Amino acid sequence: MIIWLASYPKSGNTWVRSIISSLLFTEDGNFNFNLIKNIKQYPTKDQFKQFTTNFEDINEIKKYWVLTQEKINLDNQIKFLKTHHLNCKIGDYNFTNKGNTLATIYIVRDPRNLISSISNHFDYSIEESKNFILSQKIIGGNKVLGNLNKNYLPTILGNWKEHYKFWKNKNENYLLIKYENLINQPEIELEKIISFLKKYIPIKTNEEKNKKILETTSFEKLKNLEIEGKFNENAYQAPGKKITFFHLGPKNNWKKLLDNKIIKELEFNLENEMKELGYL
């Protein structure tokens with residue numbers, strides 16, 4: 001059965017993936033980026049190649065969402081998958097179902113701070129990044145970004161609002177992690193993750209291990225590992241420009257980075273969800 005780590009892009013998924021990898025795949029909590037290979041991304045060509053080689057057509061790929069997950073689950077073991085995909089239904093085809101999904105950890109981020117990270121990651125202007133968040137999107141393959149990792153398949157994002165609502169509404173076993181809480185209260189968020197996962201798998205940890213997890217997966221530590229060349233999952237690189245994956249983190253302040261027009265447009269379009277999440 002699958003435990004999803006789901007999020008809109010640039011919301012802290014890799015950060016949570018790093019924390020969980022340290023928790024589950026080390027004795028002492030000491031993180032390195034090789035550990036996150038234990039939590040694979042979905043969907044990828046490797047997962048679908050048994051069923052289709054038409055990797056650019058979402059109407060072909062959708063037929064095999066559930067089938068590929070059934071194959072992944074053949075060993076009857078619990079595993080984690082990272083995804084940015086919308087938890088949607090197209091025609092008769094669901095992205096996932098209760099037969100394959102055990103639980104979901106959903107990571108969310110204030111969309112006002114998301115803008116500058118989207119801008120940096122995809123080499124977009126602030127205006128383009130705002131439009132990206134508010135409009136429906138498919139990324140991967142050649143749909144939006146031609147320079148994505150060649151193993152990635154087209155991924156339906158929808159817009160930020162849909163993404164949050166669809167994952168929340170379609171999951172009974174659901175934990176919400178806010179990016180801002182990872183920054184401001186990491187000890188509490190780690191305890192929330194541990195308590196949630198204990199419902200499904202045995203967890204071996206202690207105070208010393210938890211302290212090491214938080215120390216070695218802090219944003220600054222992860223950023224330094226990237227600078228040292230120890231992180232290779234940045235999916236997109238603009239021609240002739242090096243783009244960092246771990247960008248501003250705690251230094252990202254929408255009040256200083258966005259003009260009032262953009263702020264008002266985001267808050268108007270996303271008002272209900274932002275209020276629900278405590279962002280307004």
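When the stretch 19-70 is filtered for residues that are among the aromatic types (Phe, Trp, Tyr) and in a loop (DSSP other than H, G, I, E, B), the ones remaining, listed by number, are PHE31, TYR42, PHE51, PHE55.
Counting the residues of the stretch 111-128 that are more than 14 Å from the chain's Cα centre (by Cα) and either of a type in the set (Ser, Thr, Tyr) or not in a helix (DSSP H, G or I) (or both) gives 5. Taken together, the residues in the stretch 172-209 that are in contact with a Ser or Thr (Cβ under 9 Å, 6 or more places away or on another chain), part of a helix (DSSP H, G or I), surrounded by fewer than 18 Cβ atoms within 10 Å (Cβ to Cβ) and of a type outside the set (D, E, K, R) amount to 1. For ASN234, the conditions (1) under 20 Å from SER119 (Cβ atoms); (2) surrounded by 12 or more Cβ atoms within 10 Å (Cβ to Cβ); (3) at pLDDT 55 or above are fulfilled apart from (3).
Looking only at the stretch 72-100, filter to residues that are of a type in the set (D, E, K, R) and either out of contact with any Ser or Thr (no Cβ under 9 Å at 6 or more places or on another chain) or part of a loop (DSSP other than H, G, I, E, B) (or both); which one of those is nearest to SER21 (Cα to Cα)? Once the filter is applied, the top-ranked residue is LYS79. Selection of the stretch 16-68 for residues being hydrophobic (A, V, I, L, M, F, W, C), more than 28 Å from LYS98 (Cβ to Cβ) and in contact (Cβ under 8 Å) with a residue 40 or more places away in the chain yields PHE31, PHE33. Of the listed requirements (1) β-branched (Val, Ile, Thr); (2) modelled with pLDDT of 95 or more; (3) surrounded by fewer than 16 Cβ atoms within 10 Å (Cβ to Cβ), THR53 misses just one: (2). Counting only residues that are of a type in the set (A, V, I, L, M, F, W, C) and farther than 27 Å from GLY12 by Cα, the stretch 56-88 holds 2 of them. Looking at (1) more than 25 Å from ASN94 (Cα to Cα); (2) exposed (fewer than 13 other Cβ atoms within 10 Å of the Cβ), can you tell me which one ASN169 breaks? All conditions are met except number (1).
Identify the single condition in (1) buried (at least 16 other Cβ atoms within 10 Å of the Cβ); (2) in contact with a helix residue (DSSP H, G or I) (Cβ under 8 Å, 6 or more places away or on another chain); (3) modelled with pLDDT of 85 or more that LEU102 does not satisfy, given that it satisfies every other one. For LEU102, the exception is condition (2). When restricted to residues that are of a type outside the set (Lys, Arg), within 15 Å of ILE126 (Cβ to Cβ) and part of a helix (DSSP H, G or I), the stretch 258-280 contains 5. Please indicate, with yes or no, whether at least one residue in the stretch 240-247 is modelled with pLDDT under 95 and part of a helix (DSSP H, G or I). Among the residues of the stretch 240-247, not one is modelled with pLDDT under 95 and part of a helix (DSSP H, G or I), which makes the answer no. Among the residues making up the stretch 64-99, those that are surrounded by fewer than 21 Cβ atoms within 10 Å (Cβ to Cβ) and in contact with an Asp or Glu (Cβ under 9 Å, 6 or more places away or on another chain) are CYS88, LYS98, GLY99. Assess whether ILE2 counts as being touching a strand residue (DSSP E or B) at 6+ places or on another chain (Cβ under 6 Å) and among the hydrophobic types (A, V, I, L, M, F, W, C). Spelling it out, ILE2 is indeed touching a strand residue (DSSP E or B) at 6+ places or on another chain (Cβ under 6 Å) and among the hydrophobic types (A, V, I, L, M, F, W, C). Among the criteria (1) touching a strand residue (DSSP E or B) at 6+ places or on another chain (Cβ under 9 Å); (2) closer than 19 Å to PHE196 by Cα, the one GLN77 does not fulfil is (1). The residues listed here are GLY146, GLY140; of these, the one that is at pLDDT below 90, under 19 Å from LYS40 (Cα atoms) and not β-branched (Val, Ile, Thr) is GLY140.
The values are calculated or read from the model by the stated rules, or taken from the named source; none is laboratory data. Nothing here was measured: the structure is a model prediction, and the numbers come from that model. Cβ sites come from the backbone with ideal geometry, for glycine too, and all protein chains shown count toward neighbours.
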